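These notes are about the structure you will find just below.
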Amino acid sequence: TLGTASVIADNRFGATLVEDPSPFPDGHAVAFHFKDDEKTGAGVAVVNTDGSGFQKLTPPDGCGHAAVSPDGKTIACTRSRDGHVVLIRRDGDRWLPPADLPLSTTPSDYLAMDSRFGQVKEVRHSYVEWVRPDLLLVTSHGSDGGKAFSFARLFLVQLPAAGRPLKVIDLSGA
């Protein structure tokens, strides 16, 4: 037997959709993607595994597919309305406002990696997963808008830190 199931996040928080859970490394909480209703965009929230401490971390602006970093200090997600990767960092016991990762969504910035980027209107980053606290695995798509994806590429993105710029490594071409 797997144990007793318990619901920790559902429509009692006002959300009509709760999905894509990502647990914190210490098991105390879960980050997830939610929608307040059928008309608004998705957002990212956290809740303790005992069902307490529900907190929305982003506005309903299309953020979803959340992933908690291995150290539990950052949540990465993607925003569907513009294809950006968003980081939500924790400072002590409080979450800082979401901030866009400076990862380009301009196709010409990726032409050296794949000539097909010259044939699309934009790059949309859609899924993220942590490799380590400073390294993200990112699925990116050549797109002609919205969900009109033409092809996908897989990148490792090393986050910027003290004097070090953001670094993008093309895994699809490796």
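The values are calculated or read from the model by the stated rules, or taken from the named source; none is laboratory data. On a predicted model such as this, the values are computed, not experimentally measured, just so you know. Don't worry about glycine lacking a Cβ; one is built from the backbone with ideal geometry, like all the others, and counts go over all protein chains shown. The accessibility values were calculated without ligands, DNA or RNA, using every heavy atom of the protein model including side chains. Shrake-Rupley method; radii C 1.70, N 1.55, O 1.52, S 1.80 Å.
The C-beta contact set for segment 151-170 (first residue free of Cβ contacts under 8 Å to residues at least 12 places away in the same chain, second residue buried (at least 16 other Cβ atoms within 10 Å of the Cβ), distance under 7 angstrom, 6+ apart or interchain) comprises Lys167/Gln158. Looking at segment 12-90, the strands (runs of 3 or more DSSP E) lying wholly inside it that each contain 2 or more residues that are aromatic (Phe, Trp, Tyr) and either farther than 19 Å from His125 by Cβ or out of contact with any His (no Cβ under 8 Å at 6 or more places or on another chain) (or both) sit at 29-35. In segment 133-150, how many residues are open to solvent by 30 Å² or more (accessible area, probe 1.4 Å) and not in a strand (DSSP E or B)? The qualifying residues number 6.
Please find, among Ser140, Ser150, the residue that is small (Gly, Ala, Ser) and over 27 Å from Thr74 (Cα atoms). Step through it out loud before you land on a result.
On the way: Ser140 fails: over 27 Å from Thr74 (Cα atoms).
One residue alone meets the criteria, Ser150.
Scanning segment 113-132 for residues that are more than 22 Å from His33 (Cβ to Cβ) and open to solvent by 40 Å² or more (accessible area, probe 1.4 Å) yields Met113, Ser115, Arg116, Gly118, Gln119, Lys121, Arg132. Just for segment 151-164: of the residues that are in a loop (DSSP other than H, G, I, E, B) and at pLDDT below 90, which one is farthest from Ser69 (Cα to Cα)? Residue satisfying both the conditions and the ranking: Gly163. If you filter segment 91-112 down to residues that are closer than 18 Å to Ala45 by Cβ and outside any strand (DSSP E or B), you find that the one that is most open to solvent (accessible area, probe 1.4 Å) is Asp93. One residue stands out in segment 34-61 among those that are touching a Ser or Thr at 6+ places or on another chain (Cβ under 6 Å) and either open to solvent by 10 Å² or more (accessible area, probe 1.4 Å) or polar (S, T, N, Q) (or both): the one that is farthest from Asp100 (Cα to Cα), namely Asp37.
Applying the condition of being under 17 Å from His84 (Cα atoms) and charged (D, E, K, R) to segment 151-173 and asking which residue is surrounded by the fewest Cβ atoms within 10 Å (Cβ to Cβ) yields Lys167.
Within segment 46-54, can one find any residue that is without any contact (Cβ under 8 Å) to a residue 60 or more places away in the chain and within 12 Å of the chain's Cα centre (by Cα)? For segment 46-54, residues without any contact (Cβ under 8 Å) to a residue 60 or more places away in the chain and within 12 Å of the chain's Cα centre (by Cα): absent.
Contact annotation: residue pairs with Cβ atoms under 7 Å, 6 or more positions apart or on different chains, pairing a residue in segment 89-100 that is more than 19 Å from Gly62 (Cβ to Cβ) with a partner that is in a strand (DSSP E or B) and of a type in the set (D, E, K, R), are Leu96/Arg89.
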